[in-house]
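Note sheet for the following structure.
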Amino acid sequence: MRDMLLLLCFTMLIACKNTEAEKVNTEGSKNASKDLREFRVLDSKNITKKEIWLTISPLLEDFGEADYLRLESYILDKEISDLQKFRAENKFTYEELVKFYLYRIRRFDRENPLSLNAVIAIDPTAIDEARLRDREYLNKKLKHPIHGMPILLKDNINAENMATTAGAVALKYNITSNAFITTKLKSKGAIILGKANLSEWANFFCEGCPNGYSAMGGQTLNPYGRRVLDTGGSSSGSAVSVAANFCAAAIGSETSGSILSPASQNSSVGLKPTIGLVSRSGIIPISSTLDTAGPITKTVTDNAIVLDAIYGFDPLDSKSIDFKNIQTYYSHLSPQFIARKRFGAPKALFSDALYANAIEVLKKLGAEIVEIEEQKLELPHFISLLNLDMKNDLPKYLETYANKDLTLKTVSDVIEFNLKDSIKKMPYGQKRFIGIINDPGDNQYLTQLKDTLKTIGRLFFDGPMTNHKLDGFLSINNFHAAYAAVAEYPAITVPMGYTDVGEPKGLTFIGRPLTEYELLQYAYAYEQTALKRIGPKNYY
């Protein structure tokens, strides 16, 4: 109680009346009934379908509609273990798997009545990489279950052969070497298929702009409600690509809800790891305090496989965890694991019928549910944490990991660049970038703010977890993402059904640091029992 009083007294010195994490809604899905006719831009004004496919289409000349139809039943909505089984049965090669996804992206993604604008770029070496994986397979050199699986990367993650743009025209020619996690994926045998669209600068650029919009990629659309449902942000293209079967799995990144939001909005499984479990080196930042990459997949098992392929210590990442307890995240997933585990469920969420039904499923699995009252804790000056971190962190990325020919070195440089052609570069403005340069906080204030927000975030979860001996906290979508962000706690969302208008929602499990294995077990138990995910009907 004494610690609580001291914290609240300190918080009053720097607090504002409303939670700024809610105001900024950097990764939220609050606009979930917006008609596209309200949007200023639909298709990109900076890239075209012809440009994307100019060098790739000639490589697909030997793969036609008959090939696509032959493989459809073996690939659509199949998880990684199924794909590996069918590869073992010679239903297809990895090369054919890659070509299937490429054919499908070209068919559905841009400049047609079902376009989703989910993919920004295709790796020109993907087919060659697939041929290499086939040779390794025949020589029995499988390195990991992710071997031969085509993966899309959110376009703030460096990958050679393609620009890393964060959706911004300013970085259109940012050709780089691989990020740490890109190298990890390739070392395990994964195939980098291409880059996924995103909310520009990971949703920390314009204010009031729609989730899923970037100047480079255009407006990402939700396949479950192409004209009416929000994609979530900022890893919109990653989640949409998974939902629409454009890849075996995708990588997103999160600062505060940026994996949880689009994964839940697109009926996918999204995991936001403990900060430091997965490297951020070579990923365009918002906040070195809160950023993390993580997997978005169709199933929990796939999520575990991808996490297993990307986690690991990176000496160049200041928050990287040297995790001595080597974990195989995908092994021994079992519905029985959840029995007798205790979960806190906020009473205010029970008015949501899907959530209430999900709770009943967990009870039938033997989980113990404790109804709790959420603590009334604000997150003061959350925006300032992001402002001050990005003011420091973006120049570090541009200096260390960006293309050396880029002349832009600071947030101010990007602002000036965009002013030269605002229609193509910033149709929704750049108010959050302007907020970054106008924020008066110094590094001493930033350090103090980080400590305060982390303490509040941990108190929000640890209070009920300690008092009720809880194993986890149950939420919806990204509702508690800001608290998990500042606490640096992991979270996973798994499909729990659809509203009356067909909008997907996710049941979200939040746990203490480095409990990813347990969270995957809980999510797996729920997923395998509830079986709520249904693919988007117009994309078959």
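In loop segments of segment 88-141 as defined by DSSP, there are no chymotrypsin sites (Phe, Trp or Tyr not before Pro) with at most 10 further C-beta atoms inside 10 Å of their C-beta.
Just from its helices, what would the mean residue ellipticity at 222 nm be for the chain, if runs of 4 or more DSSP H residues each count -39500 (n - 2.57) and the sum is divided by every residue, rounded to the nearest 500 deg cm²/dmol?
Working: 20 runs with 207 residues, N = 540.
The helix contribution divided over the chain gives -11500 deg cm²/dmol.
Taking 0.36 nm per residue of separation and subtracting the current Cα-Cα distance, fully stretching the chain between Thr48 and Asn90 would add 11.5 nm. The simple spin-label model puts a point 7 Å past each Cα toward its Cβ; for Asp62 and Asp500 those points are separated by 5.5 nm.
Dipole magnitude for segment 150-215: computed about the Cα centre from +1 point charges on Lys and Arg Cβ and -1 point charges on Asp and Glu Cβ, it is near 320 debye. Enter the Cα centre distance for the pair segment 259-281 and segment 345-361, rounded to the nearest angstrom. That distance is 22 Å. On the beta carbon distance between Arg342 and Asp451, with R0 = 22 Å, the FRET formula returns roughly 0.15. With 23 Å as the limit, write out which pairs from Lys99/Lys532; Lys91/Lys143; Lys195/Lys298; Lys45/Lys272 have Cα-Cα distances beyond it, or answer none. From the list (Lys99/Lys532; Lys91/Lys143; Lys195/Lys298; Lys45/Lys272), the Cα-Cα distance tops 23 Å for Lys99/Lys532; Lys45/Lys272. Calculated FRET efficiency, Ser177 to Ser351, Cβ-Cβ distance, R0 = 35 Å: about 0.10 to the nearest 0.05. Within the chain, the longest run free of GluC sites (Glu not before Pro) that sit in a DSSP loop with at most 13 other Cβ atoms within 10 Å is 112-372. Between His144 and Thr55, the modelled labels are 2.6 nm apart [label points 7 Å from Cα along Cα→Cβ]. Remark: the Cα gyration tensor places segment 206-308 in the oblate category, a/c being 1.5 or greater and a/b not exceeding b/c. Taking a straight line from the alpha carbon of Lys319, these aspartates and glutamates sit under 16 Å away, with near neighbours fewer than eight places off in the same chain left out: Glu254, Asp291, Asp389, Asp393, Asp451, Glu488. Here P(r) over Cα pairs in 20 Å bins from 0, in percent was computed from the coordinates, and among (1) 24, 59, 17, 0; (2) 19, 40, 25, 13, 3, 0; (3) 14, 25, 35, 21, 4, 0, 0 the match is (1). Are any of the pairs Lys376/Lys537; Lys188/Lys537; Lys396/Lys420 more than 30 Å apart by Cα-Cα distance, and if so, which? Checking Cα-Cα distances, Lys376/Lys537; Lys188/Lys537 exceed 30 Å. Compute the separation of the alpha-carbon centres of segment 446-474 and segment 139-211 and state it in Å as a whole number. Value for the Cα centre distance between the two parts: 32 Å. When a/c reaches 1.5 or more, the comparison of a/b and b/c decides; with that in mind, is segment 418-468 rounded, prolate or oblate per its Cα gyration tensor? Judged from the Cα gyration tensor, segment 418-468 comes out oblate (a/c at least 1.5, b/c at or above a/b).
For Lys431 and Arg227, FRET efficiency with R0 = 35 Å and r from the beta-carbon atoms, rounded to 0.05?
0.85
Think of each Lys and Arg Cβ as +1 and each Asp and Glu Cβ as -1; about the Cα centre, that makes the dipole of segment 270-422 roughly 460 debye.
Bridgeable aspartates and glutamates around Lys469 (alpha carbons under 14 Å apart, same-chain partners fewer than 8 residues away excluded): Glu368, Glu371. Straight Cα distances below 16 angstrom link Lys404 to the aspartates and glutamates Glu160, Asp413, with same-chain residues fewer than 8 positions distant left out. Here, segment 312-419 has an Rg and a Dmax of 22.8, 59 Å when only alpha carbons are counted. Where both bridge residues fall in the chain, DSSP classifies roughly 65% of the beta bridges as antiparallel.
For the pair Lys363 and Asn392 in one chain, pulling the backbone fully straight at 0.36 nm per residue adds 5.8 nm over the alpha carbon distance. Stretching Lys424 away from Lys537 to a fully extended chain increases their span by 37.4 nm, per 0.36 nm per residue minus the current alpha-carbon distance.
Determine, for Lys140, Lys391, Lys363, the number of other Cβ atoms within 10 Å of each Cβ, and report the residues in order from fewest to most. Numbers along the way, then the final one.
On the way: Lys140 6, Lys391 18, Lys363 12.
The fewest-first ordering by Cβ neighbours comes to Lys140, Lys363, Lys391.
Readers should treat all values here as calculations from the given coordinates under stated rules, not as data from a laboratory. Source: prediction; values computed, not measured. Neighbour counts run over all protein chains shown; Cβ positions are idealised from the backbone, glycine included.
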